[in-house]
Amino acid sequence: MSFLNTIQWIVWKDLISEWRTRETISSMLFFALIVILVFSFSFAMDQDAARQLIAGIIWVAFTFTGIIGIGKSFTSELQNDCIESLQMSPVPKGAIYLGKVTANFLFMFTVEILLFPLFVIFFNLEVVEAIGMLLLVFFLATIGLSSVGTLFSALTVQIRAREVMLPVLLLPLAVPVMIAAVEATRGTLNGDPYAFYSQWLHLLVIFDIIFTVVSFWLFEFILDS
Amino acid sequence: MSAIQITNLSKAYGFYRIFEEVTFTISSGSCFALFGPNGAGKTTLLRILATLQAPSEGQFTIFGQDGVAEKDAVRSILLFIAHGSHLYDELSATENLQFSLALRGQKPDVSQLKRALDQTGIGAYGNLKIRQFSAGMKKRLTLAKAILAQPKLLLLDEPYNALDDGGVIITNQLIQDTMKREGAVVMTTHDRNKAAHIATEGAILQAGHLQLLSPEQLQAHVLS
């Protein structure tokens, strides 16, 4: 079977399972809603103050929400020992990894798209002109988080304290992506010229490439160990 | 021709040795039954052959392929029916078959899927989610997967668990079909009566050592 077919089957399986249970997306949305509500009531802000802080709040919500989704990515494979079936399948393990990354990316990006209007409403943001660039920032940062997150989800899935270990291991590595995403989001929301924050977008692209290539290469060893 | 050749295979967890220096050969066209008490290491040995665990020492080949160095080649010719069903609860029976066979590089058409489900007696439940399946139905679905996959090596861990008489007949038919294709079957079982009908070779794994059984010893063991 071709490499692309394997990716398609993994994505199909994860999406159809999620569509039938809605377990991952609903828990991600619920968590993110609480974060938005708590922050919106905690800060009595004017629009300028909101713009300075909102980028960080958005990425705290997106990252921790993403960790919930990423964590479920491989715990679902423990059911009926399905992970053994993945281990024994004679397909390139990199294709399984990319299938999982794609599914995780789709879950995270969907939740981000659903949540962002709530940030706009609760924090009174003006985003009409910046929406295209914001989507690009969300897209690039979500690739980075899902690529490294999927690897650590596979790494921690067999550990008893995996719910604790996943964020403990993942967050230090995700910090560069989060910082670049926060800075690019802040620049976009402030209406800064592209040149002022373009280096953060370039950094996101570099991190995406490094994280995806390294994780792709390491995944086979992790799944087999 | 030998289907499996195992040489000085040992497995240990830390200082605890499960088995040591196990050496034997299984010929193609045969069904090898592995007996032994709980905790003897039967499932561990099967998992090593399935490439899910690495041996601590020793080596093995499956149809000429090195089980440690050529994992992907070995994986493409074996199917392991384990304690876990390897089925996804939210997918239907048909979808589970399509998915697991796709990961083996196979794409059975609708009629082949239907035939395999009918053959295992669950043809009426093809669109039912696995969440609603009983343990016996799940086992039958894994048999349907094996019928479609047609592996050269079939590894069965306690294959008769959860199966009714009809399921046992289907399992034995699958084993016979694999043997007829010059494949090989390795199974662990406590059910000596059921193994008596089908096993052609056998061994007892006990206290870390493997004792091979001659055909006479095998018959005496399964009938004792």
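The values are calculated or read from the model by the stated rules, or taken from the named source; none is laboratory data. What you are looking at is a predicted structure, and each value in this text was computed from that prediction instead of being measured. Note that each Cβ is placed from the backbone with ideal geometry, even for glycine, and that neighbours are counted across all protein chains shown.
Taking segment B:69-85, which residues are over 26 Å from B:Arg131 (Cα atoms) and outside any helix (DSSP H, G or I)?
Once the filter is applied, which keeps residues that are over 26 Å from B:Arg131 (Cα atoms) and outside any helix (DSSP H, G or I), segment B:69-85 yields B:Ala69, B:Glu70, B:Ser76, B:Ile77, B:Leu78.
Does B:Phe60 fit the bill of being modelled with pLDDT of 95 or more and within 12 Å of another protein chain (Cβ to nearest Cβ)?
no
A:Val120 - would you say it is more than 24 Å from A:Val11 (Cβ to Cβ) and either among the hydrophobic types (A, V, I, L, M, F, W, C) or surrounded by fewer than 19 Cβ atoms within 10 Å (Cβ to Cβ) (or both)?
In short, yes.
Considering only residues of segment B:1-60 that are of a type in the set (A, V, I, L, M) and in a helix (DSSP H, G or I), which is nearest to the chain's Cα centre (by Cα)?
Only one residue tops the list, namely B:Leu46.
Residues of segment B:78-100 being surrounded by 20 or more Cβ atoms within 10 Å (Cβ to Cβ), more than 7 Å from every other protein chain (Cβ to nearest Cβ) and touching a residue at least 40 places away in the same chain (Cβ under 8 Å), which ones?
Once the filter is applied, which keeps residues that are surrounded by 20 or more Cβ atoms within 10 Å (Cβ to Cβ), more than 7 Å from every other protein chain (Cβ to nearest Cβ) and touching a residue at least 40 places away in the same chain (Cβ under 8 Å), segment B:78-100 yields B:Leu78, B:Leu79, B:Ile81, B:Ala93, B:Asn96, B:Leu97.
If a residue must be β-branched (Val, Ile, Thr) and either facing chain A (nearest Cβ under 8 Å) or in contact (Cβ under 8 Å) with a residue 40 or more places away in the chain (or both), how many such residues does segment B:38-57 contain?
Qualifying residue count for the region: 2.
Can you tell me which residue is farthest from the other protein chains (Cβ to nearest Cβ) among those in segment B:104-120 that are within 20 Å of the chain's Cα centre (by Cα) and modelled with pLDDT under 95?
B:Gln106
Listed here are the residues, each with its yes/no results for (1) modelled with pLDDT under 90; (2) within 24 Å of A:Thr63 (Cβ to Cβ).
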position	(1), (2)
A:Trp12	no, no
A:Glu23	yes, yes
A:Ser26	no, yes
A:Leu29	no, yes
A:Asp48	yes, no
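Is there a residue being over 22 Å from A:Ser146 (Cα atoms) and touching a strand residue (DSSP E or B) at 6+ places or on another chain (Cβ under 7 Å) anywhere in segment A:114-126?
No, segment A:114-126 contains no residue that is over 22 Å from A:Ser146 (Cα atoms) and touching a strand residue (DSSP E or B) at 6+ places or on another chain (Cβ under 7 Å).
Restricting to helices (runs of 4 or more DSSP H) lying wholly in segment A:90-193: which have 1 or more residues that are within 14 Å of chain B (Cβ to nearest Cβ)?
The qualifying helices (runs of 4 or more DSSP H) are A:93-122.
Pick from segment B:1-49 the residues that are under 21 Å from B:Leu218 (Cβ atoms) and β-branched (Val, Ile, Thr): which of them is surrounded by the most Cβ atoms within 10 Å (Cβ to Cβ)?
B:Val22
Would you check if B:Ala69 is within 24 Å of A:Glu220 (Cβ to Cβ), away from chain A (no Cβ under 11 Å), surrounded by fewer than 21 Cβ atoms within 10 Å (Cβ to Cβ) and aliphatic (A, V, I, L, M)?
Considered against the rule, which asks whether it is within 24 Å of A:Glu220 (Cβ to Cβ), away from chain A (no Cβ under 11 Å), surrounded by fewer than 21 Cβ atoms within 10 Å (Cβ to Cβ) and aliphatic (A, V, I, L, M), B:Ala69 comes out as yes.
Among the residues of segment B:167-188 satisfying the criterion of being of a type in the set (A, V, I, L, M, F, W, C) and more than 10 Å from B:Ser28 (Cβ to Cβ), which is surrounded by the fewest Cβ atoms within 10 Å (Cβ to Cβ)?
B:Ile169
State all residues of segment A:194-225 that are of a type in the set (D, E, K, R) and either within 14 Å of chain B (Cβ to nearest Cβ) or exposed (fewer than 14 other Cβ atoms within 10 Å of the Cβ) (or both); if no residue qualifies, say none.
The answer is A:Glu220, A:Asp224.
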